Amino acid sequence: MKRLSKAVYPTADYPETILQIGEGNFMRGFINWQIQKLNDHTDFKGRAVVVPPRKGSVSALNEQDGLYTICIQGFHEQKEINERMIIQSISRGISTYTDYEGFLQVAENPDLRFVFSNTTEAGLVFREEDRFEDRPQTSFPGKLTAFLYHRFKAFSGDDQKGLIILPCELVEKNGDRLKEYVINMACKWNLPSSFLTWIKEDNVFCNTLVDRIVPGFSKEAAEAVHKEEGYMDELLVMAEYYHLFVIEAPAFVQRELPFQEAGLNVLFVKDISPYRMRKVRILNGAHTAMVPIALLSGLETVKEAVDDDLIGPFIRSMLDEEVLPSLGLPYKETSLYTQAVWDRFCNPFVKHQLMDIALNGVSKFQTRILPSMLDYVELTKQLPMKLVFALSSLIYFYGKCANLLKDDEYVMTWMKKAWEEEHHSYLSVVERILSNQQLWGMNLLSVQGLSHAVADQLTFIHEHGMRAAVHQMLHHQYENQGEKA
């Protein structure tokens, strides 16, 4: 049986107008799908060169000539949706670890206009150790700075060769932050001031918000495609019907990316903040909170978690009682959004693996849950004990299941060292972990009562198991529930 490729499915040879940093399920189920829609329904006509942000193979992508199948399943206006299409908006993949010069050569392409990225929250960071002469630089901002400088030199600083850059990482003001990191990296490397001016004046860094549940590969769907369409597809990706892309950008960006003409749910706005807060803290916060709790309870998917008679009610009450009150947004609006999110979690067609969400769990907690916890403390002067339990479960997960997890090497090393102190007490473990500002962006020991609450919860989880601990939190609470923060 043939594998999906141009030999099986001939495609249009559109120019490479996009550099895409990130080859994972989300980008292929969200950005590349939208680019395909642009190509099909507007005069956009462009494709993406895809670059993994870390060491990763692009052999499967290139063997399939950038082609893959997307299966969209869900409900829209009370009707069942079951769509399947072949995405042709990727031209090829390049690894900076095996072909760094090929990566830089993309910068010499006069047709290049856009950069999309998703390197997760852990990827959008500034790393002092990155050097200009590295092949490649470790961080995404380091790679992007080197790439932009190569383009600057290739076109002699032409002000018409700047790029529109749309980072899709779930980080607040992601475009502003990425621009800051690129400028700081350029300064650190002593690159010419004319390059800094070009970055600031001739490139546009857009703040964005992305929203779509993309479970990724489905063996069942791949087998159905194999049987019905006659080709094998190792890169098939599942996605829900719902999608939302919010972009904070100058007006000309909307003209160059006519998403709405393609019938896509894309909003160009002046201020992305309320959209981001609502989505990150509710949808992504719920995902991140449920991962360690559900996995340690023997569950595998988001739907299994929300359907569970303990974990589902716990996560929902966490949202209703602790997250929504901390937002400072209209309650009716956030309540309706929460119900819509819950309906999406319950989509019977979407099998979203919890282990896929577990990637870089600490940085995700910092951006998705910690702000709700701190705002709740500020508002009520009490600890939000369900959010605290999410933190306790995460710490327990890193201590007991480190062999299953993928995270930054520093995070994994620090967690391992902290857990080596377990023979002293859970409190010493907790204090070591919570005091690390690099993990959380602050010293969490400054939150009154937090370390003791987490230590108590860890003790209960250890002695009674995760499900008993969830039952205790849901039905009886802990004795320190009312402790003032």
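Note on Lys45 and Phe75: with the Förster distance fixed at 30 Å, the Cβ-Cβ geometry gives a FRET efficiency of about 0.40. Each 10 Å bin, from zero up to the one with the longest distance, holds this percent of the alpha carbon pairs of the stretch 299-384: 16, 41, 37, 6, 0. Mean separation of Cα pairs under 8 Å and 6 or more residues apart, divided by the residue count, gives the chain a relative contact order of 13 percent. So in the chain, what percent of DSSP beta bridges are antiparallel if you round to the nearest 5? If we restrict to bridges inside the chain, about 40 percent are antiparallel. Shape class for the chain, computed from the alpha carbon gyration tensor (a ≥ b ≥ c): prolate, with a/c not under 1.5 and a/b above b/c. Residues of the stretch 15-30 with the amide nitrogen closer than 20 Å to a label point 7 Å from the Cα of Glu83, along Cα-to-Cβ, please. Answer for this model: 25-30. Think of the chain as a dipole: +1 on every Lys or Arg Cβ, -1 on every Asp or Glu Cβ, centred on the Cα centre; then among Val58, Ser156, Gln437, Ser156 lies furthest on the positive end. Taking amide H as placed 1.01 Å from N in the peptide plane, the amide H of Ser297 sits under 5 Å from none that are at least 5 places away or on another chain. The dipole here belongs to the stretch 2-269: it is taken about the Cα centre, uses +1 on the Cβ of Lys and Arg and -1 on the Cβ of Asp and Glu, and is about 320 debye. Residue by residue, the stretch 122-132 carries 3J(HN,Hα) couplings of 6, x, 8, 9, 9, 10, 4, 6, 4, 10, 4 Hz when phi is fed to the Karplus relation 6.51 cos²θ - 1.76 cosθ + 1.60 (θ = phi - 60°); x denotes Gly or Pro. When Ser193, Ser335, Ser372, Ser435 are sorted by how many other C-beta atoms sit within 10 angstrom of their C-beta, beginning with the fewest, the order is Ser193, Ser335, Ser435, Ser372. Using the Karplus relation 6.51 cos²θ - 1.76 cosθ + 1.60 with θ = phi - 60°, the per-residue 3J(HN,Hα) values for the stretch 437-442 come to 5, 5, 6, 10, x, 6 Hz, with x marking Gly and Pro. A Cβ-based charge dipole, computed about the Cα centre of the chain with Lys and Arg at +1 and Asp and Glu at -1, lands at about 380 debye. Once backbone amide H atoms are built at 1.01 Å from N, Cys401 has no partners under 5 Å, excluding neighbours fewer than 5 places away on the same chain.
For the pair Cys346 and Glu463 in one chain, pulling the backbone fully straight at 0.36 nm per residue adds 39.0 nm over the alpha carbon distance. Legend: ranking of residues His150, His475 from fewest to most surrounding C-beta atoms inside 10 Å; resulting order His475, His150. Sorted fewest first by neighbouring Cβ atoms within 10 angstrom, Val204, Val470 come out as Val204, Val470.
Each reported figure results from applying straightforward, stated rules to the coordinates on display, with no laboratory input. Predicted model only: the values in this text are computed from it and were never measured. Virtual Cβ from ideal backbone geometry, glycine too; neighbours counted across all protein chains shown.
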